[in-house]
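The values are calculated or read from the model by the stated rules, or taken from the named source; none is laboratory data. On a predicted model such as this, the values are computed, not experimentally measured, just so you know. A quick note on method: Cβ atoms are made from the backbone with ideal geometry, for glycine too, and the neighbour counts reach across all protein chains shown.
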Amino acid sequence: MIATRPVAEFTVPAIGLGCMNLSHAYAAPPPADVAERLLLTALDEGVTLFDTAALYGFGANETLVGRVLKKHRQKIVLCSKGGMAGVSFADGVKRVINGRPEAIRRNCEDSLQRLQTDHIDLYYLHRWDKQVPIEDSVGEMSRLREEGKVGALGLSEVSAATLKKAQSVHAIAAVQTEYSLWTRNAEIAVLQACRDTGTTFVAFSPVARGFLSDPPPDTATLDAKDIRRTMPRFDSTHWPANLALQAGLRTLAQEAGCTVSQLALAWLLSRGDHVLPIPGTARAEHLRENVAAARVVLAPALLARLDEAVNQRSVSGGRYSSQARSEVDTEEFEGEYS
């Protein structure tokens, strides 16, 4: 039986696809034909939830997703995000967080055009703009819903308190936040808050930006623009200690009869029926490996050992730089960013 998860009014397979890797953030994007085949392979493998954003590739990712998946539109749950996008300046295009109603509306209408659709099934506020009350941003999103431009509403990287404020304006169908064995902040409050309110928790970077794979990335060969170069856990101060966790992960994966990535994804699925991971990849073999993780069942004793092996105490370094940390609104473990 294929594991599924509820999100808004849909029921989808338990592993979705984060499309960011095809246009943004890590190594140079793959050639267009490779990216197109990856999306179509995802469809062939049974993936129905596809997640993109105005930010990714400053619109390039939405353009790709829209072009490739347009003729399959009725088969998929299409998710995108606004409130953080590329803005043109005299010295180039830069990432800007802007949660004002007029900016959210502009982002949404631009996304609809790039995605070649008249309706986005699940629309997220990509980041809460701390200069704008969350109620104002969600209020505009609710108006977009009333107009039929978007379906369900979601938030990304928010605390339980901000989620509660947003829910006072409109039902929030999904919260998207980084969550994996090595990023546990969601366990402080928002994961339970989502469970309590029937909100799907969408876990991005569920294999820890490649760390929870075998082999893990070689930090010495990361592309100059790879965002991991700005993340403390991947720098020379913390990486050796984190690499030391790999031996234990491989042992547990062997015991479970799966790969390290599948182990990490199966652990996430065990955290609750409301947890929906969206791993991203540019490689078809990794895509198939990720999708197959939904069939992996981990014994309670092994889950407990895994939970103890990699967690907020054993991982070295914060997940973001101090600048990036200031832009999110998630609960912190005591001393984590000191």
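Selection of helices (runs of 4 or more DSSP H) fully inside segment 255-321 by the criterion of at least 3 residues being over 25 Å from F234 (Cα atoms) returns 284-292, 300-309.
Pick from segment 255-284 the residues that are over 20 Å from W182 (Cβ atoms) and either of a type in the set (D, E) or in contact with a strand residue (DSSP E or B) (Cβ under 8 Å, 6 or more places away or on another chain) (or both): which of them is surrounded by the fewest Cβ atoms within 10 Å (Cβ to Cβ)?
D273
Are there any pairs, at least 6 apart or on different chains, whose C-beta atoms fall under 8 Å, with the first in segment 284-310 and closer than 13 Å to P206 by Cβ and the second of a type in the set (D, E, K, R) and surrounded by fewer than 20 Cβ atoms within 10 Å (Cβ to Cβ), and if so, which? Qualifying pairs under 8 Å: V291/E45.
Can you confirm whether segment 161-169 contains a residue that is not in a helix (DSSP H, G or I) and not aliphatic (A, V, I, L, M)?
Yes: one or more hits.
Is it fair to say D51 is among the acidic types (D, E), buried (at least 24 other Cβ atoms within 10 Å of the Cβ) and touching a residue at least 12 places away in the same chain (Cβ under 8 Å)? Considered against the rule, which asks whether it is among the acidic types (D, E), buried (at least 24 other Cβ atoms within 10 Å of the Cβ) and touching a residue at least 12 places away in the same chain (Cβ under 8 Å), D51 comes out as yes. Just one residue in the set T63, T117 is in contact (Cβ under 8 Å) with a residue 12 or more places away in the chain, touching a strand residue (DSSP E or B) at 6+ places or on another chain (Cβ under 8 Å) and of a type in the set (S, T, Y); that residue is T117.
Is at least one residue of segment 8-29 over 29 Å from V275 (Cβ atoms), touching a residue at least 40 places away in the same chain (Cβ under 8 Å) and not hydrophobic (A, V, I, L, M, F, W, C)? No, segment 8-29 has no match at all. The condition of being in contact with a Leu (Cβ under 6 Å, 6 or more places away or on another chain) and either modelled with pLDDT of 95 or more or surrounded by fewer than 15 Cβ atoms within 10 Å (Cβ to Cβ) (or both) holds for only one of L287, L306, that being L306.
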